[in-house]
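See below for the structure under consideration.
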Amino acid sequence: MGNLVGYEGLQARLTAIGDTKLQVRALGLFTVREARLHVARKTGTTGRTIRLARVTEDTATVEVGGAGALLEHGTRPHIIRPRNRKTLRWPAKGTPVTLGGRARTGAVRSLGRGAFAFAKLVRHPGTRAQPFLIPAARKAVETIGAAQIIERWNRAS
């Protein structure tokens with residue numbers, strides 16, 4: 001590699017940077033923290049699924065389960081059809097429900113079938129995006145940034 005111009009300087013800089021895994025892990029953990037703080041909450045399930053999955057020298061992978069992708073990007077209008085039955089069923093307007101959306105047992109006992117609404121299909125209007133993961137990653141880079149890595153790189157020149 002002696003004939004490659006700048007090779008020695010590049011190697012000196014890469015050696016000076018050293019292990020970047022700690023800084024990348026810090027970025028990933030900060031992203032997880034911010035995402036959990038800003039995710040849309042109804043039941044809290046999606047927030048509990050946000051985690052730091054993998055960390056390498058140059059990447060940190062944050063995973064989100066549940067409705068994470070739907071919340072982050074939203075949904076387009078679509079038709080909902082029953083899969084295993086002839087009709088769809090959900091708690092009717094005014095029926096007391098749990099946080100998960102199920103009709104409360106007492107309401108079902110007192111209202112009977114009137115506690116539910118039925119339909120063969122539903123035209124869902126879509127859901128607006130409520131981004132939380134990408135803004136969290138941007139804030140992590142703004143707050144922690146790669147300043148330490150860049151500083152080591154510049155010092156090695």
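Worth pointing out:
- Whichever lysines have a C-alpha closer than 25 Å to that of Lys21, once near sequence neighbours (fewer than 8 apart) are set aside: Lys139
- Mean separation of Cα contacts under 8 Å (6+ apart) over length of the chain, as relative contact order %: 32
- Only lysines eight or more places from Lys93 in sequence, or on another chain, were considered; those with a Cα closer than 28 Å are Lys42, Lys120.
- For region 76-126, relative contact order (Cα pairs under 8 Å, six or more residues apart, normalised by length) works out to 54 percent.
- Shown in residue order for region 117-122 are the 3J(HN,Hα) couplings computed by the Karplus curve 6.51 cos²θ - 1.76 cosθ + 1.60 at θ = phi - 60°: 10, 10, 7, 7, 7, 10 Hz (x for Gly and Pro).
- Among the trypsin sites (Lys or Arg not before Pro) within region 80-145, those in coil by DSSP and having at most 10 neighbouring Cβ atoms inside 10 Å are Arg83, Arg85, Lys86, Lys93, Lys120, Arg128.
- 18 Å tail of the calculated P(r), region 76-126, as % of Cα pairs: 41
- Our helix-only sum for the chain, with -39,500 (n - 2.57) per DSSP H run of n ≥ 4 divided by its residues, gives a mean residue ellipticity at 222 nm of -12500 deg cm²/dmol.
Taken together, the values in this text are just the output of simple stated rules run on the coordinates, not laboratory data. As the structure is a computational prediction, the values presented were derived from the model and not from experiment. Virtual Cβ from ideal backbone geometry, glycine too; neighbours counted across all protein chains shown.
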